[in-house]
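Engineer: If you scroll down you'll find the structure; I have some questions about it.
Every read-out reported here was derived from the displayed coordinates using simple, explicitly stated rules and does not represent laboratory data. Remember, predicted model here, so these are calculated numbers, not experimental data.
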Amino acid sequence: MKKKIAYQGRPGAYSHLVCIKGFPNYEPVSCESFEEVFKKTENNETEISLIPIENSQAGRVADIHNLLPMSNLVITGEYFHKVSHYLLGCKGSSLISIKTAESHLHALAQCKGFLVKNKIKPIISADTAGAAEEISKTKDKSRAAIASELAAKIYDLNIISNNIEDATHNTTRFLIMKENFEEERLKNTDYI
């Protein structure tokens with residue numbers, strides 16, 4: 001049976017992409033919230049939790065810093081992922097036809113120069129993969145999403161432009177977290 005890794009976000013999220021690239025021998029498990037990610041590993045439903053902690057452009061992920069002290073997991077490593085944003089549209093859309101781009105607030109901010117240059121109005125969405133999923137359902141050639149290349153594959157969208165981020169050094173640092181086996185071992189040892 002394949003080991004599992006928990007991440008926060010929908011299929012196609014950047015965390016999902018990191019699971020595939022960084023942990024190809026693990027099955028990615030999508031979670032709605034960071035709390036759910038921690039719980040999946042604490043309850044032995046997954047072997048690893050993958051958590052974004054900070055981005056070189058957007059700064060730290062505040063929710064994580066509040067949740068870490070409450071978790072029963074330990075940090076066993078870190079993974080750095082260079083973020084490449086893609087402009088994704090429905091079949092038949094082109095850069096000329098796109099009027100709006102939907103994505104997470106940080107992704108939109110990280111692509112501001114591209115959006116301004118191409119006169120594309122940013123629309124805030126809850127997350128990148130969710131925006132891609134929404135665009136795939138609309139079939140509207142004037143709407144696009146800013147998301148990962150993986151989201152394009154999952155939601156059957158065309159890549160209209162790639163590497164549209166303003167800063168080429170845009171990187172997210174992820175924590176790799178597992179159950180604290182040492183603590184469990186000490187609890188189960190009889191020291192009489």
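Engineer: Add -39500 (n - 2.57) for each DSSP H run of 4 or more in the chain, then divide by its residues: what number comes out at 222 nm, to the nearest 500 deg cm²/dmol?
Structural biologist: -8000 deg cm²/dmol
Engineer: Quick test of the membrane-span-like rule: which DSSP H helices of the chain reach at least 18 Å along their long axis (C-alpha atoms) with mean Kyte hydropathy at least 1.6?
Structural biologist: Result, helices passing both filters: zero.
Engineer: Mind checking which of THR41, THR172, THR76 has the largest fluctuation in a GNM of the chain, springs on alpha carbons under 10 Å?
Structural biologist: The residue that fluctuates most here is THR76.
Engineer: Still on this structure: Quick one: among ILE154, ILE146, ILE51, which has the greatest mean-square fluctuation in a GNM of the chain with alpha-carbon springs under 10 angstrom?
Structural biologist: ILE154
Engineer: Rank ALA147, ALA167, ALA62 by mean-square fluctuation in a GNM of the chain with C-alpha springs under 10 angstrom and give only the top-ranked residue.
Structural biologist: Of the options given, ALA62 has the highest mean-square fluctuation.
Engineer: A further question follows. Can you list the HN-Hα couplings for the range 108-115, worked out from phi with the Karplus curve (6.51, -1.76, 1.60; θ = phi - 60°), rounded to whole Hz and with x for Gly and Pro?
Structural biologist: These are the phi-based 3J(HN,Hα) values: 4, 5, 6, 10, 4, x, 4, 5 Hz.
Engineer: Right, here's the next one. Note down, for the chain, the three equivalent ellipsoid semi-axes (square root of 5 times each alpha carbon gyration tensor eigenvalue), biggest first, whole angstrom.
Structural biologist: In descending order, the three semi-axes are 36, 16, 12 Å.
Engineer: Distance from the Cα centre of the range 1-38 to that of the range 80-101, in angstrom?
Structural biologist: Between the Cα centre of the range 1-38 and that of the range 80-101, the gap is 23 Å.
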